[in-house]
Structure formats: C-alpha cells, structure tokens
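These notes are about the structure you will find just below.
Computed from the coordinates by the stated procedures, all read-outs in this text should not be read as laboratory data. Everything numeric in this text was worked out from a predicted model, so none of it was measured. So basically every Cβ, Gly included, is an ideal-geometry build from the backbone, and we count neighbours across all protein chains shown.
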C-alpha cells in the first residue's frame, strides 16, 4: 500500500492513546497504575523518513511492528537508531520495557519484573542504558535507571514521586512531569536530587529540542494548549507554537521540524513558516494519531496507532 500525503509528501499512520496522567496507560491521582482495558489496542508503526533538498518530508510505507491486541506504546529510539524501546502490557496487566530490532524486526522483552512495572524508557545521556518510570510493589512511582539489557536496576531519584515522564538535558539534568493537582514540570539535578518547579498544569510530552540542551513541553491554558521551549539552566521559557487542541504529544526531526497530530492528520510547524501545516491525512483509513518519535539520525519515524472510534 502506498500512502500519499499533502505537499507532495508521503506519510504514515498513527493513533490516539490510552494513557492519562501518569506513566502507565491509566493512573489514579497518586500516580499508581490503574487497571487497563486490554480490549483497547495500541500498536507501534515504523516508517522510513527522509527530507528533500527543500526540506519536504517523505515517509515510506509504515509497518506495524507490534501488531497484537493490547497495549504497545511509548516508543523511544535507541541512541544508534538500531531499534526502539517501548512499553508493553501483557494479558495479566504487567507492564515491561520491550525492544524492537530494526535489522530483523524481532521483538524481545528487556525488563521482566513483576510485580513492579516499567514505563517510558529513555536513553541515558552516557549511552549505558535507559531510565524508566517504575511503579513499585507498594505503588510508589519513581525514576529508575537500567543497563541497556534491563539488568542492574537502581533508583535515580529516591525522594521524588510520583514521576510520570522524563527528558534528559545534558549529563545530569532531568526535566520531569510530576503528577499532582495540577501536574508540575520540574527541573532536577540527577546527582543531588535537588528539584524546582518551573511550570504547572502541563502536558505529558517533554522533548529535547534539536541542537540544544533545551526541552519543549506542553502548557495547558484556558481554551487550549501551547508548546513552549524551556532552558533548564535558567528556567526561562518561551512559546514555540500554539498546541493543536488538547493534544499532549509532539516530536522533533533533527532538522528542527516540529510534529504533532490532529485526529487522523499529521501536522508540522517550521520556523520559516510559523503555522501548522498538514503533512498527511489518514482519517479515511480510520486511524488516529498520538505519540510520535523520530530516530536520532532522522531516518525513521515511529508512531502509535489505534482505530478511530
């Protein structure tokens, strides 16, 4: 099947997502993972990604790399682009980190830690493994680190909970979504554990801004959202673009193109053309888009897909 997008771009499919405020697909006010409806399926699709000399994005035919009932979500590419880590929930409701291998399409568990569950694997700055949100046996929800093969777990921030999502900025600085009423955005020193709140009532998506140590995040406001850029060194932030509806999720290409979804459409925002422009519309295919991830070399795009209700 060939997918033809707008503006002479080829693109892909994706979906809406089942998780709410915490690391897991659903969570209560304290951040502990709640029951998940296994009848709600989310799959991860991967497609080749390229850009023309003029910068127009082209995405090859997407492939469903998880393709099963249930929850496969929260994709994050490995630092070398050889695959991706993602969260899988099994039939018993156990969440673990799995890996997709780009070379052979293979899938394999990375963690297997019942009764603990892991979510939102993110590469460590030194390349030695990944950090992940772990829901512990007593329902504490903290940030842990793991070796690349899932071994040697160690809590990163013992005192900070409940952590929902994360992004690294440099070797020792973390920007975290911390659950609460409202949820807060916090800058944390991963060595000392010192934390400071820099924004409140924020969305779940925190993304490194290409070519900098800044991160982007979603600020919720009356009547909509705004994607903002944060300098973790100073705590200063500035607007990048109006968010699309109430959507939390966005991603960046290495060239600095901002991507977000609107229902079945994939949208882009560029500095030289500051308005949301459609890249492709997959509404006729019955799909919805939410999470997006771009490989470090910009050659692959991952997204989460779910049939539109």
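Side notes on the structure shown:
- Here the simple spin-label model places points 7 Å from the Cα toward Cβ, and for residue 82 and residue 149 these points are separated by 1.3 nm.
- Take the Cα of residue 246, step 7 Å toward its Cβ, do the same at residue 63, and the gap between the two points is 3.7 nm.
- In plain terms, the chain from residue 137 to residue 56 could stretch by 24.4 nm, reckoned as 0.36 nm per residue minus the Cα-Cα distance.
- The range 38-132 - share of DSSP beta bridges that are antiparallel (%, nearest 5): 95
- Remark: spin-label model distance residue 48-residue 114 equals 4.1 nm, labels positioned 7 Å along the Cα→Cβ axis.
- Rounded D (µm²/s) - the range 141-288, Kirkwood Rh over Cα pairs, Stokes-Einstein at 25 °C, 0.890 mPa s: 150
- Taking one quarter of the surface of the C-alpha convex hull of the range 262-309 gives a mean projected area of 4.0 nm².
- Computed over the chain, Kirkwood Rh from alpha-carbon pairs, angstrom: 19.2
- Most tightly packed first, judged by the mean number of other beta-carbon atoms within 10 Å of their residues, the peptides 43-54, 240-251 read 240-251, 43-54.
- A protection proxy built from the mean count of other Cβ atoms within 10 Å ranks the segments 87-93, 219-225, most packed first, as 87-93, 219-225.
- Share of pairwise Cα separations in the range 187-256, more than 14 Å, in percent: 60
- FRET efficiency estimate (nearest 0.05) - Cβ-Cβ, residue 236 to residue 171, R0 22 angstrom: 0.60
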